Amino acid sequence: VRILMPIISLQPSLFPRDKGDFDSGHLMSLITSYPQFEAWLRLGFIRAYEHLNQIECPMSKRLRSTNLHEFAFNELTDSLNSFPSISSQIEVIQSKAGNQKNFFSFGGYLFILKKEDATTNSTQMNFKIQHQEMDAHVISVEYVVSPMQDSIISLKLVYYTGTQSVFSYDISLSSLINSSDESTEVVEVTPIKPKL
């Protein structure tokens, strides 16, 4: 018999304190108990970059950033079935119209994707997310892209209250790098002096 948990929604709470104080130890226990969760997040961003890099038309940095965000969420949704040990515990909510925030729930937490240092519109919803005035604690899956926007250089889980980060957990990106192509041979480099 499978017990269905009540669906957590990304809704402002009338009583935000009812969810209790944020417990970083509880979140860390959840993360370490389910290593497939990190693997799922990594895979979503790997596939998002693969998808983005297949597009051959020129794009502005803003459009490329928007596409990456959308592709990452789509790839996370599509790849969830590849992780049967956690798929039944994750609820993915995607706005097909694009007028609501995409999010997923896991372990009683809400997760949203966020590009580091991205500016957000000053809406009441964004304010309530930032100040943790939602029905559940909101964790940002925060990513950093390279200056050329051709690779991801950082992926982490962050808990914010206001503009203050009170919890951060780095997700290893080692599986994003194909280490088998790297040479272990040491090459000595001799600087070339300019001719005057």
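PHE127 fulfils the conditions (1) open to solvent by 60 Å² or more (accessible area, probe 1.4 Å); (2) more than 20 Å from SER165 (Cα to Cα) except for a single criterion, (2).
Of everything listed in (1) open to solvent by 50 Å² or more (accessible area, probe 1.4 Å); (2) touching a residue at least 12 places away in the same chain (Cβ under 8 Å), the single unmet condition for LEU63 is (2). All conditions in (1) touching a strand residue (DSSP E or B) at 6+ places or on another chain (Cβ under 6 Å); (2) open to solvent by less than 40 Å² (accessible area, probe 1.4 Å); (3) closer than 19 Å to HIS51 by Cα hold for ILE153, with the sole exception of (2). Of the helices (runs of 4 or more DSSP H) entirely within the range 1-113, those holding at least 3 residues that are under 27 Å from MET125 (Cβ atoms) and at pLDDT 80 or above occupy 24-33, 35-53, 61-79.
Give the range 120-157 a look and list any residue that's under 18 Å from the mean Cα position of the chain (by Cα), touching a residue at least 40 places away in the same chain (Cβ under 8 Å) and assigned to a strand (DSSP E or B), or say none. Within the range 120-157, VAL138, ILE139, VAL141, TYR143, VAL145, ILE152, LEU155, LEU157 meet the criteria.
The values are calculated or read from the model by the stated rules, or taken from the named source; none is laboratory data. What you see is a predicted model; the values in this text were computed from it and never measured. Counting neighbours? That spans all protein chains shown, and the Cβs are built from the backbone with ideal geometry, glycine included. Just the protein is used for accessible areas: all its heavy atoms, side chains included, with ligands, DNA and RNA removed. Shrake-Rupley method; radii C 1.70, N 1.55, O 1.52, S 1.80 Å.
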